[in-house]
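The block underneath contains the structure these notes are about, expressed in structure tokens.
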Amino acid sequence: MESSASVLCKSSVSVQCIRKANMKKSLLFPDFTVTRDPDKCIQCEVCVRQCAFDAHSFDKEANKIETDNSKCVSCLRCATMCPTGAITVSEHQQNIKKNKNWTEKQLKELYKQSETGGILLTGMGTDKDYKIIWDHILLDAAQVTNPSIDPLREPMELRTYLGAKPDRIEFRVQSSEFRGQNKKLRTTNYELQTKLPPQLKLETPILFSAMSYGAISLNTMRALARAADECGIFYNTGEGGLPKELYKYGKNTIVQVASGRFGVDSDYLDVAAAVEIKVGQGAKPGIGGHLPGEKVTEEISQTRMIPTGTDALSPAPHHDIYSIEDLSQLIYSIKEATGYKKPLSVKVAAVHNIAAIASGIVRAGADIVAIDGLRGGTGAAPTRIRDNVGIPIELAISAVDSRLREEGIRNRASIIAAGGFRNSADVVKAIALGADAVYIGTAALVAMGCHLCQKCYTGKCNWGIATQDPYLVKRLNPEIAARRLVNLIKAWSHEIKEIMGGMGINAVESLRGNRLRLRGFDLHENELKILDIKPAGESM
Amino acid sequence: MKKIYFNEEYCMACRLCEIACLVAHSKSKKIIKAYKEEFPSLTPRLIIEQKGPLSFAIQCRHCKDAPCVEACVTGAMKRGKKTGAVSHDREKCVGCWMCIMSCPFGVILMDTKEKKVATKCDLCEDVREPACVDACPNEALVYKEVKGSEKK
């Protein structure tokens, strides 16, 4: 989830920009209506102080709080903090003549662009009404002929190892006899002869997605790091470097090497548990990041290793990767630099040719392939790219898993799926389709307080998450946020165990790629073919 | 003894603590009623300091060698033998405000709405957790025992 935007004010669209654009009269209606119950409002001004978008203001003369609907982004900070529950935010009801083609959203975007002449920017994953395939995949359960397992009574294994697995393993068997008190005893020792490639050990098959320092605040990173440490999982630095303060969480950190190479040095690579080369991101495949200079504070400049106040531009491609061979060179340079002790991941966006790309990545030497689907989130991306580029992660997982199996190289890399995982059932389905683990980004942010207002790119996150403003950053207490994240991971892990138990499976290893336990419902024949699952109603 | 401590790193000056304090010391204890009907007669018992992004809420520290107790001419300000907390008796208070003069933290406030008296944090005697601590959404106020803090 790399930060920010392509050229802010000139090309991006915000209310402020429209004001600056010197339009006589904006044609935009507000998106939301803020209703204040006068019987409940006590004029305590909490809402006024909490809104970074200045939607609320206090009129001293009238002794009244006023609200400018046009500034409201529906982050619901005011409604949450209001001690009397006086505030409700609803969709603005302006009857723009109903039209299936020219919807209100389309019209508003046209007005915005005609008033600013800019690229439309947005944050988080796409909100477009694409079919969510997860909701059309059904899980199996054990009945009569095979027993289900009660996870509260019997051990369930969620531990997952990410990394390349050897083609075969060799043991040395040594048996020795010795004389016991009355009889001869025999012991057998097994010694593993094959040298295992480095592995990441996860207590549950979930990781926190890459979110960079710059896109998110330091407090948010602290929370992710603490939670990863407590849950025995990993968080990912994104491409913004790793603040020195978080080096102590190194064993739970995956560091990213992206096209901008921000914050990459030998300490950065050494301290991490794994290194990830970021080639693409689900929300903006083919697009680099842009952190505007205003957000490059002293701390961020030190972490990213760039001068304060300069724009942090991540080029769209890696300028040293133009082929699989080039990628292989970078993979082995990093492996060489880290002494072949850490698994190396390559993150790509799920695009049309993903199966072949993943195969190339595995052959190039990656230990982990991370695939970010159509619904992957971002701190800032052009709306058109976010909403129209890529393929759903569901199809990408099965396409990649099938391809790697066909080629006999599935064991050479683990697959991490990313992009819009909403709950534990999605995770179970992804693993059954062939993923080893999943990255969760948006779900983690929501756990910390995010309300998906999609205004990350403005840097004014009222929840203290996607901001560097010292007034706003304090709003996220990393201790509380870490607690919430730990609860989320625990809850999902319990649920995964519960679902697996119902299926009669006691280890996540037995679930992986187990597409026989999935059925498609209301899916097209082609979708079923790519997912390689049977339609609901068809037997084993 | 258990005291209220602030953590300025997470205080965002939302002032929900102040609101909770007012309500907890109102007659009705109901937020809307307190504000709509009793408001002018209510005084918060904590102060919020704010400069730029830095802010924190502070209330009576219940000092071990409390200057306010020394300064009080009527014995209205006294230390509870069991709790160790410094308490203030409105009935005995004559409003000379020597306690306000002597308080090194400036957390004793004037209450002139009825009879002229001093007013300060009473740690919400009857409840498990003071109202301000309970209301803080970001755990910037915590009610805890810190060992060794008594000596200072």
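Just so you know, all these numbers are worked out from the coordinates, no wet-lab data involved. Source: prediction; values computed, not measured. We place every Cβ from the backbone using ideal geometry, glycine too, and count neighbours over all the protein chains shown.
I need the Kirkwood Rh of region A:190-256: take the reciprocal of the average 1/r across all distinct C-alpha pairs and report it in angstrom. It would help to have the intermediate numbers written out before the result.
On the way: mean 1/r = 0.0784 Å⁻¹.
Its Kirkwood hydrodynamic radius stands at 12.8 Å.
Suppose we look only past 18 Å in the calculated P(r) of region B:1-74. What percent of the Cα-Cα pairs does that tail hold? Display every interim value, and only then the final one.
Values: 1470 of 2701 pairs.
For region B:1-74, the share of Cα pairs beyond 18 Å comes to 54 percent.
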* Extent of region A:200-535 along each principal axis, from alpha carbon coordinates, in Å, largest to smallest? -> 55, 43, 40
* Let a ≥ b ≥ c be the square roots of the eigenvalues of the Cα gyration tensor of chain B; is it rounded (a/c under 1.5), or, if not, prolate (a/b larger than b/c) or oblate? -> oblate
* Expressed as an acute angle from 0 to 90° and rounded to the nearest 10, what is the orientation of the C-alpha long axis of helix A:424-433 relative to the principal long axis of chain A? -> 50
* Computed [θ] at 222 nm, helices only, for chain A once each DSSP H run of length n ≥ 4 contributes -39500 (n - 2.57) -> -8500 deg cm²/dmol
* Asked: Which whole-percent values make up P(r) of region A:169-224 when all C-alpha to C-alpha distances are grouped in 5 Å steps starting at zero?
  -> 4, 12, 10, 9, 9, 9, 7, 7, 8, 6, 5, 5, 4, 2, 0
* Structure fact -> Along the dipole axis of the protein assembly as shown (charges at Cβ: +1 for Lys and Arg, -1 for Asp and Glu; origin at the Cα centre), the most positive-end residue among B:67, B:10, B:42 is B:67
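Tell me, what is a quarter of the convex hull surface for the C-alpha atoms of region A:286-407, in nm² with one decimal?
Values: hull surface 35.7 nm².
Projected area, direction-averaged: 8.9 nm².
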* chain B: relative contact order in percent, alpha carbon pairs under 8 Å with at least 6 residues between -> 32
* Asked: In what sequence, highest mean first, do B:42-52, A:486-496 appear when ranked by Cβ atoms within 10 angstrom?
  -> A:486-496, B:42-52
* Asked: Which parts of region B:66-102 would a label at residue B:2 reach, counting a residue when its backbone N lies under 18 Å from a point 7 Å out along Cα-to-Cβ?
  -> B:80-87
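Starting from the coordinates of the alpha-carbon atoms of region B:64-120, obtain the Kirkwood hydrodynamic radius over all distinct pairs and give the value in Å to one decimal.
Details: mean 1/r = 0.0888 Å⁻¹.
Radius from the Kirkwood sum: 11.3 Å.
Based on the alpha-carbon set only, what is the convex hull volume of the protein assembly as shown divided per residue, in Å³? Could you put the intermediate results ahead of the total?
Values: hull volume 167.9 nm³, N = 692.
Per-residue hull volume (Cα only) is 243 Å³.
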* **Alpha-carbon gyration tensor eigenvalues x 5, square-rooted, for region A:25-136, Å** => 30, 19, 14
* May I ask for the net charge around residue A:136, where only other residues with Cβ less than 11 Å from the Cβ of residue A:136 are counted and Lys, Arg are +1 while Asp, Glu are -1? => -1
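In a shell of Cβ-Cβ distance under 14 Å around residue B:28, excluding residue B:28 itself, what net charge do Lys and Arg (+1) and Asp and Glu (-1) give? List each step's numbers first, then the result.
Numbers: positive: B:27, B:29, B:30, B:33, B:36; negative: B:37, B:38.
For residues surrounding residue B:28, the net value is +3.
Using only DSSP helix segments of four residues or longer, with each worth -39500 (n - 2.57), what per-residue ellipticity at 222 nm results for chain B after dividing by its residue count and rounding to 500?
Details: 4 runs with 24 residues, N = 152.
So the calculated ellipticity at 222 nm is -3500 deg cm²/dmol.
In the structure shown, do any of A:105/A:529; A:105/A:278; A:108/A:131 have a Cα-Cα gap over 27 Å, and if so which?
Values: A:105/A:529 35 Å; A:105/A:278 32 Å; A:108/A:131 24 Å.
Flagged as over cut-off: A:105/A:529; A:105/A:278.
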* Give the total of Lys-Lys pairs in region B:64-120 with Cα-Cα distances below 26 Å; include a pair only if its members are 8 or more places apart or on different chains. => 18
* Which of the trypsin sites (Lys or Arg not before Pro) found in region A:401-453 are in a DSSP loop and have at most 16 neighbouring Cβ atoms, other than their own, within 10 Å? -> A:422
* Asked: Which value, in nm² and rounded to one decimal, describes the direction-averaged projected area of the C-alpha convex hull of region A:124-207?
  -> 13.1
* To do: Can you tell me the relative contact order of region A:200-535? Whole percent, Cα pairs under 8 Å, sequence separation 6 or more.
  => 18
* To do: Using only the alpha carbons, work out the radius of gyration and Dmax of region B:80-152 in angstrom.
  => 14.3, 39
* Between region A:186-222 and region B:93-152, the Cα center-to-center distance that results, in Å -> 49
* Structure fact -> If every Lys and Arg gets +1 and every Asp and Glu gets -1 at its Cβ, then about the Cα centre chain A yields a dipole, in debye to the nearest 20, of 240
